[in-house]
Amino acid sequence: MDAMFRVGVLIAALMSKSVSSQGSQGYMEEAIQIFNTIFHKYEANVPPRRNLTLPLLLNVNMHVMHVSSLNLLEQYLETTIDLELTWDDMRLSWFPLNVREITANRSKVWSPDISIDNAIDEPKHVDDPRIVIKSTGTIYWYKRLKIKTSCSTNATQVSAVCDVVIGSNLLDDRVIDFNMSVSSCDAKNAVTSHILEIEDVSFEKRKEVRWLKPNATFPEFACSLRMKLTGPDGTNGQEFLTSSHASLTGSVTCPVLSMFVLSSCLGIIGFFSRFACKPL
């Protein structure tokens, strides 16, 4: 009982000292102490797996913020997404007094080698802040990306389903996996061009075999966007597609007679199509 009392007094004294110490000065000192302690002998190249028989679970939240264009001819989609990843690394946990979270450069912390699997251009980082570390050991990694991804389309149809797929090129599902019970994808705050409308959003986990490890499967998180081409004033998409000024990509117009629009833009006319289609 006496020992428990002394421990209680010690904890109370530490908390009292923390609260009463020179405001921000004491907070900064505590944060520095935490940072130095948790990163002492920390190895950022080792995944934080607590059980070697189970993979590390990644929580994914993908938010589609902007859809700038859907190119039906060249079959690609241009979007801006907010990507949030969280996972647990108990090596970076501590008992908090005042400081309940700190930030660190990504190079200091183990993080999964997540990439856009169906990207056809290098993603542009619009915002890539520091990693947030909670006292519980939960790691929060956020980035905003402008991406160009492949999308299988039919140039004569006004609707298409395009995927944004993320995954790891090095870590198979024995090392990491996506926690679908808490992961999500949404487009509730998405802004689109005036000729596109997002009809539905869904997401799923997939498995893929890569040439690097033919005997292993790699997890993928796929967010599917069902979109429809509409007129700028809300007119029928099919009428807009086949009109004399149909904008097939959101950035290219073909000012020719409607009966030649599809054939010229698809390259059937060949030589004459370069005069029919020109970028704005």
Point to revise | Relative contact order %, region 124-205, counting alpha carbon pairs below 8 Å whose residues are six or more apart | key: 17
Revision key, fill the gap. Given backbone amide H placed at 1.01 Å from N, residues whose amide H is under 5 Å from that of Leu73, ignoring those fewer than 5 places away on the same chain, are none
Practice item. Give the peptides 209-222, 81-94 in descending order of average Cβ contacts within 10 Å, highest first. Key: 81-94, 209-222
Point to revise | Extension gain, Lys228 back to Leu73 (0.36 nm per residue minus Cα-Cα distance, nm) | key: 54.3 nm
Review point. Can you list residues whose amide H is under 5 Å from Val126's amide H, if they're 5+ apart or on another chain and H is modeled 1.01 Å from N?
Key: Arg144, Leu145, Lys146
Check your understanding: For Ala216 and Glu84 in the same chain, what is the full-extension length gain: residue separation times 0.36 nm, less their Cα-Cα distance, in nm?
Key -> 44.9 nm
Review point. In this model, which of Lys134/Lys213; Lys41/Lys205; Lys108/Lys205; Lys143/Lys205; Lys143/Lys188 are farther than 23 Å apart at the alpha-carbon?
Key: Lys134/Lys213; Lys41/Lys205; Lys108/Lys205
Review point. How would you order 135-143, 163-171 from highest to lowest mean count of nearby Cβ atoms within 10 Å?
Key: 163-171, 135-143
Point to revise | Among beta bridges that DSSP assigns inside region 57-120, antiparallel share in %, nearest 5 | key: 100
Review point. When the Cα centres of region 26-47 and region 109-126 are compared, how far apart do they sit, in Å?
Key: 27
Revision key, fill the gap. Taking a probe of 1.4 Å and leaving out DNA, RNA and ligands, region 65-220 shows per residue an accessible area in Å² of 49
Point to revise | Nitroxide proxy distance, nm - points 7 Å out along Cα→Cβ at Asn154 and Thr53 | key: 5.0
Check your understanding: Per 10 Å bin, what percent of the C-alpha pairs of region 64-173 does each bin hold, from zero upward?
Key -> 13, 35, 27, 16, 7, 2, 0
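The values are calculated or read from the model by the stated rules, or taken from the named source; none is laboratory data. Remember, it's a predicted structure, so these values are computed and weren't measured experimentally. As a convention, Cβ positions derive from the backbone with ideal geometry for all residues, glycine included, and neighbour counts pool all protein chains shown. Accessible surface is based on the protein model in full, side chains and every heavy atom, while ligands, DNA and RNA are left aside. Shrake-Rupley method; radii C 1.70, N 1.55, O 1.52, S 1.80 Å.
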